[in-house]
1. According to a simple spin-label model (label point 7 Å from Cα along Cα-to-Cβ), what is the distance in nm between ALA23 and GLU129?
2. With the Cα gyration tensor of the chain in hand, convert its eigenvalues to equivalent ellipsoid semi-axes via √(5λ) and list them largest first in whole Å.
3. To the nearest Å, what is the center-to-center distance of region 84-137 and region 6-39, using C-alpha atoms only?
4. With 10 angstrom as the radius, rank SER49, SER59 by how many other C-beta atoms surround their C-beta, starting from the fewest.
5. How far, in nm, would the chain grow between ILE2 and ASN100 when pulled straight, counting 0.36 nm per residue and subtracting the alpha carbon separation?
6. Enter the angle in degrees (range 0 to 90, nearest 10) between the Cα long axis of helix 82-95 and the first principal axis of the Cα atoms of the chain, meaning the one along which they spread out most.
7. Can you check what the net charge comes to around GLY24, using other residues whose Cβ is under 14 Å from the Cβ of GLY24 (Lys, Arg +1; Asp, Glu -1)?
8. For helix 5-16, report the angle its Cα long axis makes with the longest principal axis of the Cα atoms of the chain; keep it between 0 and 90° and round to the nearest 10°.
Amino acid sequence: MIDLNWSLRKAYYSALSDIPDAAGTGYVPVYYFAAPPNKNMTEYIVYRSITNKDESTKSSSDTRTFIIVEIYTKQMNTNPGKRVDEIAAAVYDRVYPNQNTHLQIEGGQIVTTQMTFELVNPYNVISGEVYLSRFLTFKHIIYQTSD
């Protein structure tokens, strides 16, 4: 059994780092585990909580792996949620476009991808800014190809 977390982190960053921002002039910032506390961003993505469960057989080393992708948006006065939905659609397009397309990782092969849970949190209002967040949990079955 090998540790594939670094390979998964690189694959997720690569997949999510080219989602266009709302202005169309750059990309939605992407972070692993947590966003920097000193940044004032209107939208960003955090992926975290890589959880692995051994699913090995006598002839293979396999894992069932879960990863949470969090999407955050902020707007003044009102936040209809359109932007958080647009970003979620882009995340799905990159991580789970269909049942036969999977992220490519080093040291293993993702053979199954599923969205196992999705949560749209109630909005929060702080100083006139309306915050929305949406959490997507993906499950991957991974066959390890190297030790």
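1. 1.5 nm
2. 32, 14, 14
3. Comparing the Cα centres of region 84-137 and region 6-39, I get a distance of 12 Å.
4. Sorted ascending by nearby Cβ count, the order is SER59, SER49.
5. So the chain would gain 32.8 nm between ILE2 and ASN100.
6. The helix 82-95 is inclined about 20 degrees to the chain.
7. -3
8. 40 degrees
Each value in this text was obtained by applying a stated rule to the coordinates, not by laboratory testing. Just so it is clear, the model here is predicted, and its values are computed rather than measured. Note that each Cβ is placed from the backbone with ideal geometry, even for glycine, and that neighbours are counted across all protein chains shown.
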